[in-house]
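Since the structure comes first, as structure tokens, the remarks are kept for the end.
Nothing in this text is a laboratory measurement; each read-out follows from the coordinates by a stated rule. Just so you know, these numbers come straight off a predicted model, no measurement behind them. Quick reminder, even Gly has a Cβ in these numbers, built from the backbone with ideal geometry, and neighbours come from all protein chains shown.
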Amino acid sequence: CTHLARVTGRQGFARESLRFIDRAAEAARHQRSPALHALISLRQALAHAQLGDDVAFRSTITTARRELDRGPHESNPTWTKFVRNSEITGYEAMARALLGATDQATRLYCEVLDDTARSPRDLTYYRALLAGTLVQAGDHDQAISHGLTVLSDLSTTMTSVRVLRELRPVRDAAGAAGTGAAEFCDRFDTAARALSTV
């Protein structure tokens, strides 16, 4: 629902997301897993940012960090292994971009990309988010540079419509940009055609 709110601009989806997350928090309230509670707080933080509520966003992102600071716990489900400090930083970057703080978002995305323990798939996705945020900040040349790296990664590590969706703003802005714009457009269009046949 939070994703639908972002792509459609309809805030009702973000409010629906918070209702679902509140139900998850209620269901998990007796669970001891710090990773699970951190993940729930991350989802809340992003929904609050989508709704433009900076205060609630900051409160829930802080809660997520505090939960994770409790350390590893035997009750953490195996599927929460991805919940680490750089995941919280990535969510904070997404939220900052939603709230219009593109400089902060860019810096935070770069911190996520420094985490070499993350999977290539994750790093590709976060680089695509960085490229989209750079367009939002008006830095088209850097956005295209990161976008070209993403498209190179797509050809070797994964095929993802989700990643291309994050690169769409870069493609839309590339006509007004300089270095690498034509190459980016060609490679983006080729990847989009290939994925449409999958």
Mean ellipticity per residue at 222 nm, deg cm²/dmol - from DSSP H runs of n ≥ 4 across the chain, formula -39500 (n - 2.57): -24500 deg cm²/dmol
How high is the relative contact order of the chain, in percent, with contacts defined as C-alpha pairs under 8 Å that are six or more residues apart? 14 percent
Cα extents of the chain along the three principal axes, largest first, in whole Å? 54, 32, 32
Cβ-based net charge around residue 140, under 15 Å, with every Lys or Arg adding one and every Asp or Glu removing one: -2
Can you tell which of 41, 152, 86 shows the greatest fluctuation in a Gaussian network model of the chain with Cα springs below 10 Å? 152
At q = 0.17, 0.19, 0.25 Å⁻¹, what log₁₀ I(q)/I(0) does a Debye calculation on the Cα points of segment 1-80 give, no solvent, two decimals? -0.65, -0.78, -1.12
